[in-house]
């Protein structure tokens, strides 16, 4: 049976049809999913008084080289909001039966046009791309709690359920099913009941399977969106994981099965904090590291011109504007995005700026999720790492040579430091500082225009205060 499902890639005929009663029966097996929809972070941002219009990012995503793009940035720099923006722009809107809606009647169209977002001004691009793609949207955030291979498989079932639930309407398209068993197999990807039957093979090829069904339904290739693509590595740093090789290999296999299916996938966009090395997929993955690539980094965080425009809109009084701008510069700025020669764009943490403008005073923890705080407190007490952090807190700089991706050995170095209370690798401090950099705690100094190799420093008071909380406790 399983072989038949994946041979559908080349199977061009449908053998039988099923009546409405059978379809309704399948739908009733998963009532908890029928109305499920993700909350739109982009919609919330658009309706906010501090919204900054970055919708031209969508066009840059398509006109630049590479069909598969990976963009990394620190926590709180707008990755998930931008991802949701792309989804809302590209996705084909359908009714409960899977029939395409008139674009101009859709909620997505209303969101972009009523708010007069910048991308709507490019009429040719808007007409060509808006609402034109079946979307496979994957959020790997649930994998943050994984530290063993069995846990990975269970959490992936949740991710799969969330992804497939957007496309429950496929059950009603009789033309894509060969028999009732196929419908049952499809619903097993959605239901979260204890009797669901997904084995390791099903899980690894689930997203490719969904892409196949969507292509058959819409008669066009899908566009893939993967948020938090690095989430599965975090817990392995803080908890001993004998399954690290199996976890890394399985995630490489799962994503590779989808992204290398060029007959099903027209393009893909991935985001995360870390670029995790996952072997070789045999396809060109174009990557942009934060503050190292002008074309996309300007959309993650807030540029100084956008900040000034926002402040001027919110505060009529010129003195207040100066005071607000000065405070934001000191506490949330300091990031340098070099473009040509000595020129650079000043960047700010968007989450921190928004919280401040809304009157919220909580210090941003760029470094890690709350459950990992104690682990990093422990790491920072290790002598060599403690010395490097002390230098940064004193306003001094550190030399750093950044690489393209994080490897297993680098995660294990931090994990072993927590476990043994000392560094077991001569590169441990360097790898820890690279980790700091990726999480937004370091920025190139005034003279480091190379941005990948040179001297780095703390960008602002918020990052300093955040590190002080780790060191002092």
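The values are calculated or read from the model by the stated rules, or taken from the named source; none is laboratory data. Not measured: the values here are computed from a predicted model. Every residue, glycine as well, gets a Cβ built from its backbone with ideal geometry; the counts of neighbours run over all protein chains shown.
Some points to look at:
- Qualifying positions in region 439-473 - over 17 Å from residue 352 (Cβ atoms) and buried (at least 19 other Cβ atoms within 10 Å of the Cβ): 444, 448, 451, 456, 457, 470
- Lone qualifier among 240, 199, 179, 246 - being farther than 28 Å from residue 90 by Cβ, in contact with a helix residue (DSSP H, G or I) (Cβ under 6 Å, 6 or more places away or on another chain) and surrounded by fewer than 21 Cβ atoms within 10 Å (Cβ to Cβ): 246
- Considering residues of region 401-438 that are assigned to a helix (DSSP H, G or I) and more than 25 Å from the chain's Cα centre (by Cα) only, the residue surrounded by the fewest Cβ atoms within 10 Å (Cβ to Cβ): 420
- Checked against (1) assigned to a loop (DSSP other than H, G, I, E, B); (2) within 15 Å of residue 136 (Cβ to Cβ), residue 210 meets all criteria but (1).
- Verdict on residue 62 being surrounded by fewer than 19 Cβ atoms within 10 Å (Cβ to Cβ), modelled with pLDDT under 95, assigned by the TED database to the domain that holds residue 267 and not in a loop (DSSP other than H, G, I, E, B): yes
- The residue that is surrounded by the most Cβ atoms within 10 Å (Cβ to Cβ), counting only those in region 383-400 that are out of contact with any strand residue (DSSP E or B) (no Cβ under 8 Å at 6 or more places or on another chain) and part of a helix (DSSP H, G or I), is 389.
- Taken as a whole, region 123-142 holds no residue that is part of a helix (DSSP H, G or I), crowded, with 21+ Cβ neighbours inside 10 Å and out of contact with any strand residue (DSSP E or B) (no Cβ under 6 Å at 6 or more places or on another chain).
- Screening residue 52 on (1) modelled with pLDDT of 95 or more; (2) touching a strand residue (DSSP E or B) at 6+ places or on another chain (Cβ under 8 Å) shows it passes everything except condition (1).
- Selected residue (only one of 111, 90, 117 is more than 17 Å from residue 133 (Cα to Cα), crowded, with 20+ Cβ neighbours inside 10 Å, assigned by the TED database to the domain that holds residue 222 and in contact (Cβ under 8 Å) with a residue 24 or more places away in the chain): 117
- Taken together, 346, 396 contain a single residue that is within 25 Å of residue 430 (Cβ to Cβ) and modelled with pLDDT of 80 or more, which is 396.
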